[in-house]
Amino acid sequence: MATLHDGIVQPHQTRGDLRIDCDVVVVGSGAGGATTAATLAEAGLRVVVLEEGAAYTTAEYSADIPEMLGKLMRGGGSTVMMGRSPVPYLEGRCVGGTTVVNGGMCWRTPEHVLDAWVTERRLGHLSAQRLEPYFELVEQVIDARFQDPGSEGGVNDRFKAGADALGWKLSRNRRNQRHCVGSNDCVTGCPSGAKRSTAETWLPRFYAAGGRLFTHMKVERVLTQRGRATGVAGTLLDPYAKRRFRIEARAVVLSCGAIQTPLLLQKNRLGKPCGHVGRHFTIHPNIKMAARFDTPVDSMRGTHQAWQCVEFKETDGILLAPGAIPLAFMSAVFPSFGPRLAERMRDYRYIATGGILVDDHAEGYVKSVLGLPIIHYDVTDADQAKFVRAAALMAELYFAAGANEVYTPFHHLPIIESPDAIAKLYAHPPRVQDTEYFTAHLMGTCRMSSHPKAGVVDPNGEMWDVAGLYVADAGTMPGTIGVNPQVTIMALARVIAERLADRLGRKVPRAAGEAVTAAA
């Protein structure tokens, strides 16, 4: 039977209340937390990672969707942000965080975005040239590579065929995987072990450097003394006993994600002077699309996303992509229920699924009101117009690939029966309120800034108003990036961790050619 690493400490391995002293405590084990923890531990610092969720081995992942959602995701995968139309979102709650349940796409921050961060945000250390070695390191650690030829699957093949027929530009996706077998189980933790989440990459490096990760640790308080963070405290989620913990540290790093980090700061009344905690929330909203073909697609064979259509990315901020989804989710594609839904589900082998991502410029917010989380985001009319155009383009692509009907997320026009019917989308544009959205990209709520009144953390990742308190997750992004964010999160976390190590009197060992960003 597979066992967990010795560096992981579970509740049954300890007794009573816990009190631990260390150099740095990192809260969260996802893209930001794991990268930060490994970097600091390899610099020779005593580092402890606290994870609210549980740890699982590859053998424990399965295609049982209800079971795995309950184990791996916050709220069992039922989390929703409110606004003009509700937007469901996914947030990992396990060792490895959302990197365990994402699709594995690996994109660097676009250069024009980094240029804006340098010129408009005055963050010179985030230039494309300065971040190049960090991107290279991240891609090496997490095995960012193309899918093995022949393993892409029918969903990707049909998508590519449609784009090729129209002459639209495609970009081949790199994903953090080692010989993905195409079982299409990304969202349930990858039972083949091919996905290189932080549980398989950064965290083993952290354990090897002497770090310890404690599971089931819900952080509730950030301890401070004379305006400086000195540790964290909270509840150990032990089902057999009521237990508490207190971690004393020279520095605290919050890597709980773009929703949980600002909620924790607000609960502790930290970061209030800047007025930016929980603001500037961006999500890269998505809509689903699907198409039925006359011959089998077999969406259960292949990878989640091997290609993206970037023909309209620069001009319109529209990204079209295939998106193989597990059978348990496919019922959401069809605009029907009861016997009619059962009939359509029997045709699942003939259905290709996909999605559309719009580079949004709206901003939502994350608030804690009377201890309850309020997550709010409004899709704008301008972005909705992009979605309508994008849906028309996706339908055109599917028909070019040979589809006989296309399914949309619009309540008033759920099925497009032919290419001629695409015009109905423009004749009666669907409203935001009549559209189904989704997202897995949560960013920007504790943004980095060069001035204390413009953001939450300084260029080192340290809170402007609380010394020794750092943020290293998607919340620190100075603005929306328009691509899947995990590589950006890891690169920024590496920069922040190196600067923190330097302040604590340690240097991060690096391979030949790997550069370090000088402290601001």
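Descriptive notes on the structure:
- Accessible surface for Ser127 stands near 30 Å², nearest 10, in the context of the full protein assembly shown (1.4 Å probe).
- For Ala501, net neighbour charge (Lys/Arg +1, Asp/Glu -1) across residues whose Cβ lies under 10 Å away: 0
- Largest accessible area first, the residues His284, His112, His441 order themselves as His112, His441, His284 under a 1.4 Å probe with ligands, DNA and RNA left out.
- Segment 59-115: C-alpha gyration tensor shape, a/c 1.5 cut-off, then a/b vs b/c: oblate
- Dipole check for the chain: with +1 at the C-beta of Lys and Arg, -1 at the C-beta of Asp and Glu, and the Cα centre as origin, the magnitude is about 1660 Debye.
- With K and R counted +1 and D and E -1, the other residues having a Cβ less than 13 Å from that of Ala34 yield a net charge of -1.
- Straight-line cross-link partners of Lys386 among the lysines, defined as a Cα under 18 Å from its Cα and at least 8 positions apart when in the same chain: Lys288, Lys313, Lys424.
- Qualifying aspartates and glutamates (Cα of each under 17 Å from Cα of Lys272; at least 8 residues distant if same chain): Asp458, Glu462, Asp465
- Asp21 accessible area, 1.4 Å probe, all protein chains in place, Å² to nearest 10: 100 Å²
- Under 16 Å of direct C-alpha separation, and excluding same-chain neighbours fewer than eight residues apart, Lys218 reaches these lysines: Lys71, Lys242, Lys267.
- Label-to-label distance, nm, for residues given as Ser192 and Glu248 (7 Å Cα→Cβ offset): 5.0 nm
- Sparse packing (at most 12 other Cβ atoms within 10 Å of the Cβ) combined with a DSSP loop state is found for the following trypsin sites (Lys or Arg not before Pro) in segment 417-471: Lys453.
- Bins of 20 Å, starting at 0 and running to the largest distance - Cα pair percent for the chain: 23, 56, 20, 1
- Per-residue extension of 0.36 nm, minus the Cα-Cα distance of His179 and Leu504, leaves a gain of 113.1 nm for this segment.
- Coil-residue chymotrypsin sites (Phe, Trp or Tyr not before Pro) of segment 165-274, DSSP, other Cβ within 10 Å capped at 15: Tyr240
- The residue among Ala208, His412, Pro430 whose Cα reaches farthest toward the positive pole of the charge dipole of the chain, with charges on the beta-carbon of Lys, Arg, Asp and Glu, is Ala208.
- With all protein chains modelled, accessible area of Cys256 [1.4 Å, Å²]: 40 Å²
- Surrounding net charge for Ala421, when Lys and Arg each add one and Asp and Glu each subtract one, Cβ distance under 13 Å: -3
- Trypsin sites (Lys or Arg not before Pro) within segment 1-105, DSSP loop, no more than 13 other Cβ atoms inside 10 Å: Arg15
- Placing +1 on each Lys and Arg Cβ and -1 on each Asp and Glu Cβ, with no other charges, gives segment 369-520 a dipole about its Cα centre of roughly 700 debye.
- Largest to smallest in accessible area, the residues Lys272, Lys218, Lys367 fall in the order Lys272, Lys367, Lys218 (1.4 Å probe, all protein chains included).
The values are calculated or read from the model by the stated rules, or taken from the named source; none is laboratory data. In this text the structure is predicted, and so the values were computed from the model without any measurement. Glycine also receives a Cβ, built like all others from the backbone with ideal geometry; neighbour counts cover every protein chain displayed. Protein only, heavy atoms only, side chains kept; ligands, DNA and RNA dropped before computing areas. Shrake-Rupley method; radii C 1.70, N 1.55, O 1.52, S 1.80 Å.
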